[in-house]
Amino acid sequence: MAGHEGEPIRIAVRELARFLGADIEDPRFLADPHQCVTPAMRARPVHRLPGGAVAVLGHTACSEVLRGAHFGHGAGELYEMTLLGLPARSFLQLDAPGHTRLRGQVARHFSVRRVQGLAQSVAAHVRALVADCRQGPGDFVTDVAEPLAMSVISDVLGVADEDRPAFQRDARLVVQGLDQPARVTDERATARARFRFVRYFHQQVKARRAAPTDDLVSTLLHRPDGTVAEVREVVTTCSLLLSAGYDTTVSLLSHAVAELAGDRSGQGWDLARDIRTADAVVEEVLRLQSPVQITPRAVVRDTDLQGVALSRGTIVLPVLAFANRDPAVYEDPDVFRPQRHLRTHTSDRAQPRHLALGAGAHFCLGAALARLTARHALSVLAVDPPMSRDEPRTYQDNVTVRGLRTLPVTWPNPSTAASRSRARRSTPADAAPSCPALALADADLAHADLADADQRNP
Ligand code: HEM
């Protein structure tokens with residue numbers, strides 16, 4: 001998600017950290033940026049930073065930026081070229097009409113019903129991963145969250161089973177290079193992985209040119225107007241899906257387990273276990289531990305934001321993470337309280353939607369997929385939840401997307417070798433119907449309302 005940001009955005013983010021009295025590389029800041037927000041900062045939703053960029057901290061003001069016609073991605077100075085010289089400006093970083101065309105082309109692959117088709121595969125991935133790591137102490141991020149997120153994205157991109165091990169090894173290096181260049185330890189290995197990643201999609205495009213299917217690559221290649229896309233357009237969109245969906249999903253899954261493991265009320269895992277309330281847990285984790293903290297924009301037409309005059313070209317940093325803890329909107333904003341999302345008649349109207357998945361034209365395309373993945377993962381984990389170990393957690397050194405790097409856990413009932421191999425062998429077709437994750441399949445359709453409403457009126 002943070003990939004391709006150009007120097008102006010990086011400078012503005014550093015200024016924002018300075019404004020908060022923090023150093024962008026300080027592990028304490030990365031672990032908990034919220035502690036830096038003072039009541040005086042909260043009192044004003046829009047702040048002009050010394051270098052001219054503007055930080056937006058309030059929920060209403062952030063929402064206005066994300067939905068407003070005066071804000072966008074501008075002419076292009078904000079972004080860089082990357083990925084073997086391919087244009088880095090995916091549709092996430094384009095304004096209409098380019099954005100509308102490209103998003104429209106892939107949108108049907110992310111509809112609630114289409115995503116629902118992945119439910120059994122997601123459940124099978126979770127069961128196999130959880131069975132594998134139920135052998136004793138481990139790390140939730142590396143053992144479950146990362147491989148699960150990568151498997152789900154491979155499903156979406158239509159990566160064949162036999163290509164997965166190599167594809168996933170390369171994709172991991174590619175996404176690390178895009179989103180967290182500081183973590184690249186071997187530049188040659190990363191460059192080789194990028195080359196193979198691009199070559200993989202070249203091969204897919206070649207195959208789909210000859211024989212189109214109903215998969216994502218075919219859809220990207222064969223435009224609705226009858227023209228055929230260039231390979232670079234296909235690769236750019238596929239790399240957007242990887243970079244937008246991977247770190248964010250890892251962050252959501254691992255923060256969910258961290259919150260539930262630390263939940264003193266004892267009700268968190270009960271809510272996660274119950275298909276009627278699992279959604280509320282996912283929404284509360286998204287609100288409280290927003291994976292995407294900042295969604296940069298540029299002012300495309302002179303305007304005014306809550307009394308602050310903004311001229312064209314100004315960089316604006318809506319800080320979703322702070323908006324989602326705005327005390328003017330959420331009672332006890334720093335407290336993990338899934339119940340606030342339970343849909344009663346009154347709370348439905350009173351509780352504004354969090355902005356963790358964005359809003360407006362760029363509302364997260366993968367929202368239904370991310371929610372489904374998290375619900376299924378939590379439902380499997382809730383059967384016998386992992387407990388966090390008394391060891392320090394560490395955070396990724398990325399301010400735009402915040403996520404745990406390590407989450408040491410222990411599993412209460414280590415699985416036997418037999419149960420592990422059963423879980424690995426189980427396919428969607430032979431999965432036990434009593435598995436709570438599969439019961440969730442119906443709930444997913446019931447939840448279609450929620451996600452459809454998001455898409456219609458994000
Ligand atoms: C917990 C997981 C996720 C979170 C928190 C998240 C968050 C977001 C946010 C905040 C945006 C808006 C960015 C902006 O306005 O600048 C966004 C856009 C996007 N997300 Fe997600 N996302 C998640 C998962 C996914 C997944 C799994 C995919 C796909 C595999 C995905 C694909 C996209 C795409 C393609 C966009 C760009 C949409 C557009 O520009 O029209 N996301 N996401």
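The peptide list 269-277, 321-329, put in order of mean Cβ contacts within 10 Å with the highest first, becomes 321-329, 269-277. Which values of log₁₀ I(q)/I(0), to two decimal places, follow from the Debye formula for region 168-274 at q = 0.12, 0.13, 0.18 Å⁻¹ with a uniform point scatterer at every Cα? Per q value, in the given order, log10 I(q)/I(0) is -0.59, -0.66, -0.89. Among TYR330, TYR395, the order of accessible area from largest down is TYR395, TYR330, computed with a 1.4 Å probe on protein heavy atoms.
Between ASP214 and THR406, the simple label model (points 7 Å from Cα in the Cβ direction) yields a spacing of 4.6 nm. The simple spin-label model puts a point 7 Å past each Cα toward its Cβ; for GLU331 and GLU230 those points are separated by 5.6 nm. Listed peptides 190-202, 118-130, 238-250 appear in the order 238-250, 118-130, 190-202 once ranked by packing, highest mean of other Cβ atoms within 10 Å at the front. Amide H to amide H, with H built 1.01 Å from N, LEU310 comes under 5 Å of THR303, ASP304, LEU305, counting only residues 5 or more places away or on other chains. Determine the shape class of region 30-166: with a ≥ b ≥ c the square roots of the Cα gyration tensor eigenvalues, call it rounded for a/c under 1.5, and otherwise prolate if a/b is greater than b/c, oblate otherwise. Cα axes put region 30-166 in the oblate bin. If the segment from SER121 to ARG199 were pulled out straight at 0.36 nm per residue, it would be longer than the present Cα-Cα gap by 25.4 nm.
The values are calculated or read from the model by the stated rules, or taken from the named source; none is laboratory data. For clarity, every value in this text was computed on a predicted model and none was experimentally measured. Glycine also receives a Cβ, built like all others from the backbone with ideal geometry; neighbour counts cover every protein chain displayed. The accessibility values were calculated without ligands, DNA or RNA, using every heavy atom of the protein model including side chains. Shrake-Rupley method; radii C 1.70, N 1.55, O 1.52, S 1.80 Å.
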